[in-house]
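Have a look at the structure below, then the notes.
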Amino acid sequence: MEHAKEDLQIRWLKLRINLKQKFGIKPDMDGVLFLIGVQELGTAKQVYTKEQKQDLMHIAVCTLLAQSGYYLLEGFDEEGWPHFKQLKALPEFNVYEQENFLKDHVLLYFEQLFKTEA
């Protein structure tokens with residue numbers, strides 16, 4: 001199991017380096033979630049309020065966890081923001097396990113995204 005954790009960390013670092021090459025910054029988890037939220041919202045707006053940034057990160061988490069059946073996209077509001085429905089309870093994790101759970105979903109998201117862009 002230790003090997004799998006190491007592999008996850010190496011893949012995570014490679015993703016962050018790839019994002020640095022693309023965007024000029026090597027984002028932490030919050031930064032990665034923000035980028036995913038912006039991608040999912042699909043707008044080119046450059047400035048977001050603190051509340052909108054939190055909403056974008058929430059969109060990212062819901063999008064990521066929808067890959068594993070935890071959330072379902074219900075639709076969009078009049079401003080084009082997606083809304084999700086939680087389908088099942090999230091696993092009980094400590095902070096370290098929770099971060100790795102999210103990292104795994106982020107890596108899967110970007111693997112799928114890069115496949116569709118290629």
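Just so it is clear, none of the values below were taken in a lab; they were calculated from the coordinates. Because the structure is predicted, anything quoted here is derived from the model rather than measured. Cβ coordinates were reconstructed from backbone atoms using ideal geometry, including for glycine residues, and neighbour counts include every protein chain displayed.
Points to keep in mind about this one:
- Sparse-neighbour loop sites [chymotrypsin sites (Phe, Trp or Tyr not before Pro); the stretch 23-118; at most 12 other C-beta within 10 Å; DSSP]: F93
- Taking 0.36 nm per residue of sequence separation and removing the Cα-Cα distance, the K22/E92 pair yields an extension gain of 21.8 nm.
- Residue among K20, K45, K53 with the largest mean-square fluctuation in a Gaussian network model of the chain, springs linking Cα atoms under 10 Å: K45
- A crude spin-label estimate for the pair Y48 and R11, with each label 7 Å from Cα along the Cβ direction, gives 2.5 nm.
- Dipole of the chain computed with +1 at Lys/Arg Cβ and -1 at Asp/Glu Cβ about the Cα centre; of C62, L107, F76, farthest Cα towards the positive end is L107.
- Dipole magnitude (debye, nearest 20) for the stretch 51-93, charges at Cβ of Lys, Arg, Asp, Glu: 280 debye
- Helix-only CD estimate at 222 nm, as mean residue ellipticity for the chain, using -39500 (n - 2.57) per DSSP H run (n ≥ 4): -21500 deg cm²/dmol
- Based on every Cα atom in the stretch 2-117, Rg and the maximum pairwise Cα distance Dmax equal 14.5, 46 Å.
- Loop sites by DSSP among the GluC sites (Glu not before Pro) of the chain, restricted to those with at most 10 other Cβ atoms within 10 angstrom, leave 1-77 as the longest stretch without any of them.
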